[in-house]
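The structure appears right after this line, and notes come after that.
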Amino acid sequence: YEEIHANYKRQARRPIKQAISKGVYIRRLKETDLKEYANWLLLNQKETGKNYVVSEKMIKKDLSFMSRSGYIGEIFVAYLDGVILGSLGIWGFGNFISENGVNISSYAKENKIYAQDLIKDEVVKYCFNNDIKYYDLSGFNPSKNASSKEKSINFFKEKFSGVKLIYDLIV
């Protein structure tokens, strides 16, 4: 882990330190937190441009499905003083995981609390602790004509010094 962390760009290490110094902490979602989390997702969807049906029952079903043997399914949630700032889900099989469901609160955005950097770092630690060899940051738009939002996503992921793989699109 220390070797991987040392390879993060300064633009990742600094926000991680800042979030920790502010008291931000990460927990994996537990069944007892599902109702609060589902309500938070509904209130904060607009921050990430999402608009999908969310319910405690659906989240529980997804996590239950991913708890089968060999599968991996977790949701990492960032908190400050017991208030949710952001979340990131992972899912996978064997020693490979991929991201899904990135969410952030308006409070975190307005106060420039970079919870996603700290969450991603926590996922890296989780990979080491669970013998997961491959962590797919789940893509970026490599086009020169990418929107500013897509360019920001690429910049964010580059901070973690992963290997870029570009696949041909089959249509």
**Study point:** Residues (touching a residue at least 60 places away in the same chain (Cβ under 8 Å) and either in contact with a helix residue (DSSP H, G or I) (Cβ under 7 Å, 6 or more places away or on another chain) or of a type in the set (S, T, N, Q) (or both)) located in segment 21-36
**Key:** Val24, Ile26
**Study point:** Only one of Asn95, Asn39, Asn7 that is open to solvent by 70 Å² or more (accessible area, probe 1.4 Å) and either free of Cβ contacts under 8 Å to residues at least 40 places away in the same chain or of a type in the set (Asp, Glu) (or both)
**Key:** Asn39
Review point. If you scan segment 60-97, which residues turn out to be in a helix (DSSP H, G or I) and of a type in the set (A, V, I, L, M)?
Key: Leu63, Met66
Review point. Based on what the data block shows, is Tyr25 among the aromatic types (Phe, Trp, Tyr) and open to solvent by less than 50 Å² (accessible area, probe 1.4 Å)?
Key: no
Check your understanding: Which of the residues belonging to segment 104-132 are without any contact (Cβ under 8 Å) to a residue 40 or more places away in the chain, surrounded by fewer than 21 Cβ atoms within 10 Å (Cβ to Cβ) and within 25 Å of Asn39 (Cα to Cα)?
Key -> Tyr107, Glu110, Asn111, Lys112
Revision key, fill the gap. Quick count over segment 1-13, residues being touching a Phe, Trp or Tyr at 6+ places or on another chain (Cβ under 9 Å), assigned to a helix (DSSP H, G or I) and not hydrophobic (A, V, I, L, M, F, W, C), is 2
Practice item. Return only the number of the condition from (1) modelled with pLDDT of 90 or more; (2) within 15 Å of the chain's Cα centre (by Cα) that Asp136 does not satisfy. Key: (1)
**Study point:** Which listed residue, of Gly73, Gly82, Gly101, Gly89, is open to solvent by 30 Å² or more (accessible area, probe 1.4 Å), small (Gly, Ala, Ser) and under 16 Å from the mean Cα position of the chain (by Cα)
**Key:** Gly101
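The values are calculated or read from the model by the stated rules, or taken from the named source; none is laboratory data. Note that the structure is predicted; figures quoted are calculated from it, not measured. Neighbour counts are summed over all protein chains in view; Cβ atoms, including those assigned to glycine, are modelled from backbone coordinates with ideal geometry. Please note that ligands, DNA and RNA were not included when accessible areas were found on the heavy atoms of the full protein model with its side chains. Shrake-Rupley method; radii C 1.70, N 1.55, O 1.52, S 1.80 Å.
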